[in-house]
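Novice: Quick one: structure below, then a few questions.
The values are calculated or read from the model by the stated rules, or taken from the named source; none is laboratory data. Keep in mind that what you see is a predicted model, and the values were worked out from it rather than measured. Positions of Cβ are generated from backbone atoms using ideal geometry, with glycine treated the same way; all protein chains shown enter the neighbour counts. Note: areas computed on protein heavy atoms with side chains; ligands, DNA, RNA excluded. Shrake-Rupley method; radii C 1.70, N 1.55, O 1.52, S 1.80 Å.
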Amino acid sequence: MAAASPTSLESAPRILRLVAECSRSRARAGELRLPHGPVTTPVFMPVGTQATMKGITAEQLDALGCRICLGNTYHLGLRPDCPAVCFPQDSGGFQMVSLVSLSEVTEEGVRFRSPYNGDETLLSPERSVEIQNALGSDIIMQLDDVVSSTVTGPRVEEAMYRSIRWLDRCIAAHRQPEKQNLFAIIQGGLDADLRATCLEEMTKRDVPGFAIGGLSGGESKDQFWRMVALSTSRLPKDKPRYLMGVGYATDLVVCVALGCDMFDCVFPTRTARFGSALVPTGNLQLKKKQFQKDFRPIDPECACPTCQKHSRAFLHALLHSDNTAALHHLTVHNIAYQLQLMGAVRTSIMEKRFPDFVRDFMRTMYGDPTLYPTWATEALASVGITLS
């Protein structure tokens, strides 16, 4: 089915101010000018699905320097007492994948059975925007038709064209374009031609920003980076590029090099709940016996409250006593790690030394160059950064 004719938001605001660009790669540093305040980019956005984050308070997030985090329209829309939020709002489309057994997709929208009480509800493009308008988030997302990145065949094309049509319906339904910034979401699976078609059509719509969707769902890393690179090569330079669902450190650094500005993922908080602490060399599984008498902080270079006050041995003991305080301390640290990493990336772009930063990062993370992931080496080489 063909897409509808292009529509646009009248005088869509330009919310991205670019302040520096890497002369070698596509990396760039900027500032998002949002209603609740400025946000520097590149930026990692922690995920607070239901307007809160497991294991950490809003005050603690603020103290860590977090200026933006992500919520989810589907879950918040089922909660009539949810508060107004000051962050990007996922439209709920991803729940087509994560709640596939509870949903049915038609041109009208997505019909869900609530995981809370079993009630049936229709999440249409119009209803998704209505909920997001009511929540008051700075950035709102179109409702897109999402299929797993491992799906092939006609369903991928169907979802891509439907996402274009739903974008037009979201634009028409948006009641607060002067206060809330509507982002389109590029779909097309792992098919370069479908991605290119979606990019061509969606960039005709004058929306404030674009997200790259439908990835990080089980596809190979080689397929992943090529779809990211294709997308950034065709997205407007003067608008933010948001790569959805990406949170591993190497992925973040490589995708900044490929030209992405914004990222979100549950990874740092979820891995904390399994006793894993993120560090520049990878991660520490603090339940392991080797940390029983290790009185160093998780990362001696980290300024977060966890590293300033608690040792690996203390956290190891808490984890083995099933004390939930351990999960809190690790969550604080892991979010701090992600924020500090993105801050360092931004500084290196501003100081015109991003390629050297990437080489140092890879050397610290993997040690021996023979251990560097082939996909990362090839992705970086594609934008002029060699690791040798």
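Novice: Would you confirm whether any residue within segment 1-17 is more than 22 Å from P236 (Cα to Cα), modelled with pLDDT under 90 and either open to solvent by less than 80 Å² (accessible area, probe 1.4 Å) or in a strand (DSSP E or B) (or both)? Show your work before the answer.
Specialist: Kept after step one, since they are more than 22 Å from P236 (Cα to Cα), are these residues of segment 1-17: 1-2.
When the remaining residues are screened for being modelled with pLDDT under 90, the result is 1-2.
Cutting the leftovers down to either open to solvent by less than 80 Å² (accessible area, probe 1.4 Å) or in a strand (DSSP E or B) (or both) gives us 2.
Yes: one or more hits.
Novice: Further, regarding this structure: Quick one: count up the residues across segment 21-49 that are open to solvent by less than 10 Å² (accessible area, probe 1.4 Å) and either closer than 16 Å to C255 by Cβ or assigned to a strand (DSSP E or B) (or both).
Specialist: 11
Novice: If a residue has to be surrounded by fewer than 16 Cβ atoms within 10 Å (Cβ to Cβ) and under 28 Å from L32 (Cβ atoms) to count, how many in segment 177-194 make the cut?
Specialist: 2
Novice: Do the conditions hold for S128, that is, is it crowded, with 24+ Cβ neighbours inside 10 Å, under 20 Å from G213 (Cβ atoms) and at pLDDT below 90?
Specialist: Details: crowded, with 24+ Cβ neighbours inside 10 Å: yes; under 20 Å from G213 (Cβ atoms): yes; at pLDDT below 90: no.
The answer is no for S128.
Novice: Within segment 60-74, can one find any residue that is farther than 20 Å from S348 by Cα, modelled with pLDDT of 90 or more, out of contact with any Phe, Trp or Tyr (no Cβ under 6 Å at 6 or more places or on another chain) and part of a strand (DSSP E or B)?
Specialist: no
Novice: List the pairs whose first member sits in segment 311-324 and is under 12 Å from F295 (Cα atoms), whose second member is among the basic types (K, R) and open to solvent by 60 Å² or more (accessible area, probe 1.4 Å), and whose Cβ atoms are under 7 Å apart, counting only residues at least 6 apart or on separate chains?
Specialist: Partner pairs satisfying both residue conditions: S311/R296; R312/R296; A313/K293; H316/K287.
Novice: For segment 143-176, how many residues are open to solvent by less than 40 Å² (accessible area, probe 1.4 Å) and of a type outside the set (S, T, N, Q)?
Specialist: Within segment 143-176, the subset open to solvent by less than 40 Å² (accessible area, probe 1.4 Å) is 143-149, 156, 159-160, 162-168, 170-171, 173-174.
Next cut, of a type outside the set (S, T, N, Q) only: 143-147, 156, 159-160, 162, 164-168, 170-171, 173-174.
Total meeting the criteria: 18.
Novice: Given the conditions (1) of a type outside the set (A, V, I, L, M, F, W, C); (2) touching a His at 6+ places or on another chain (Cβ under 9 Å); (3) modelled with pLDDT of 90 or more, which single one is not true for Q95?
Specialist: Evaluating Q95 over (1) of a type outside the set (A, V, I, L, M, F, W, C); (2) touching a His at 6+ places or on another chain (Cβ under 9 Å); (3) modelled with pLDDT of 90 or more leaves (3) as the failure.
Novice: Quick check on segment 234-253: of everything there that is outside any loop (DSSP other than H, G, I, E, B) and touching a residue at least 40 places away in the same chain (Cβ under 8 Å), which residue is surrounded by the fewest Cβ atoms within 10 Å (Cβ to Cβ)?
Specialist: At the first step, the residues of segment 234-253 found to be outside any loop (DSSP other than H, G, I, E, B) are 234, 241-243, 249-253.
Filter again for touching a residue at least 40 places away in the same chain (Cβ under 8 Å), leaving 242, 249-250, 252-253.
Values: Y242: 28, A249: 21, T250: 18, L252: 22, V253: 24.
Selected residue: T250.
Novice: Considering only segment 280-309, how many residues are surrounded by fewer than 20 Cβ atoms within 10 Å (Cβ to Cβ) and within 22 Å of A63 (Cα to Cα)?
Specialist: Quick first cut of segment 280-309, residues surrounded by fewer than 20 Cβ atoms within 10 Å (Cβ to Cβ) only: 280-283, 285, 287-290, 292-296, 300-303, 305, 308-309.
Add one more test, that the residue is within 22 Å of A63 (Cα to Cα), and what stays is 280, 300-303, 305, 308-309.
Residues flagged as surrounded by fewer than 20 Cβ atoms within 10 Å (Cβ to Cβ) and within 22 Å of A63 (Cα to Cα) within segment 280-309 amount to 8.
Novice: Can you pull out the residues in segment 180-230 that are in contact with a strand residue (DSSP E or B) (Cβ under 7 Å, 6 or more places away or on another chain) and of a type in the set (F, W, Y)?
Specialist: F183, F210, listed by residue number.
Novice: Provide a single number: the residues in segment 203-226 that are surrounded by 22 or more Cβ atoms within 10 Å (Cβ to Cβ) and touching a Leu at 6+ places or on another chain (Cβ under 6 Å).
Specialist: Matching residues across segment 203-226 total 4.
Novice: Something else now. Filter segment 50-59 down to residues that are at pLDDT below 80 and surrounded by 17 or more Cβ atoms within 10 Å (Cβ to Cβ) and give me whichever is nearest to H36 (Cα to Cα).
Specialist: A51
Novice: Go through segment 254-268 and count every residue that is open to solvent by less than 20 Å² (accessible area, probe 1.4 Å) and within 25 Å of N283 (Cβ to Cβ). Break it down stepwise before answering.
Specialist: So the first thing to find is which residues in segment 254-268 are open to solvent by less than 20 Å² (accessible area, probe 1.4 Å), and the list is 254-264, 268.
In the following step, the residues that additionally are within 25 Å of N283 (Cβ to Cβ) were identified as 254-258, 260, 262-264, 268.
Of the residues in that region, 10 qualify.
Novice: Condition first: within 22 Å of V279 (Cβ to Cβ) and open to solvent by less than 30 Å² (accessible area, probe 1.4 Å). Now tell me which residues in segment 337-356 satisfy that.
Specialist: The first filter runs over segment 337-356 and keeps only residues within 22 Å of V279 (Cβ to Cβ), leaving 337-348, 354, 356.
Passing the criteria: Y337, Q338, L341, M342, V345, S348, F354.
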